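What follows is a set of notes on a single structure, which appears directly below.
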Amino acid sequence: MQREKKTEIITLRVTPQVKERIQAKARELGLTVTDYLCLCGLGKRIVRVDGLDKVLSELKAQGRNLNQLTTLSNMGKVDIVYGDRLAECYEQVSEQLRQLLREVT
């Protein structure tokens, strides 16, 4: 969820069993209880995609590598960059992410 300054409080009374179920569901989805209840209360669909955090981490690492290559190229320290191969790999990853998005929406 987008992080905004939270200034309002809603108090909710539940049984210990319901509290544990809510906490368990939030944990399963990798959300805080607050975020989980807000999403549920606003009628948002919650979809958990296992392994996506690893994909995003890898994409960030590749982005850093690309930035480093670009910097070295601009400095004249790298003469040959196989841009066509790089673009092909990014296209494959991009298509896989598009497919995943189609499946969860």
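Here are the numbers for the structure shown:
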| item | result |
| --- | --- |
| Breaking point among (1) farther than 21 Å from Asp53 by Cα; (2) part of a helix (DSSP H, G or I); (3) within 20 Å of the chain's Cα centre (by Cα), for Val18 | (3) |
| Residue within the stretch 38-46 that is within 20 Å of the chain's Cα centre (by Cα), surrounded by 12 or more Cβ atoms within 10 Å (Cβ to Cβ) and in a loop (DSSP other than H, G, I, E, B) present | yes |
| Tally of residues being part of a helix (DSSP H, G or I) and charged (D, E, K, R) across the stretch 68-85 | 2 |
| Verdict on Lys25 being on the phi < 0 side of the Ramachandran plot, more than 18 Å from the chain's Cα centre (by Cα) and not in a loop (DSSP other than H, G, I, E, B) | yes |
| Residue count, the stretch 1-37 (criterion: more than 25 Å from Arg98 (Cβ to Cβ) and surrounded by 12 or more Cβ atoms within 10 Å (Cβ to Cβ)) | 13 |
| Matching option when the condition is without any contact (Cβ under 8 Å) to a residue 12 or more places away in the chain, surrounded by 10 or more Cβ atoms within 10 Å (Cβ to Cβ), among the aliphatic types (A, V, I, L, M) and out of contact with any Gly (no Cβ under 9 Å at 6 or more places or on another chain), among Leu56, Leu69 | Leu56 |
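Laboratory data are not the source of any read-out in this text; all were calculated from the coordinates shown. Please read these numbers as outputs of a predicted model, since none were measured by experiment. Reconstructed Cβ throughout: ideal geometry from the backbone, glycine too, with neighbour counts over all protein chains shown.
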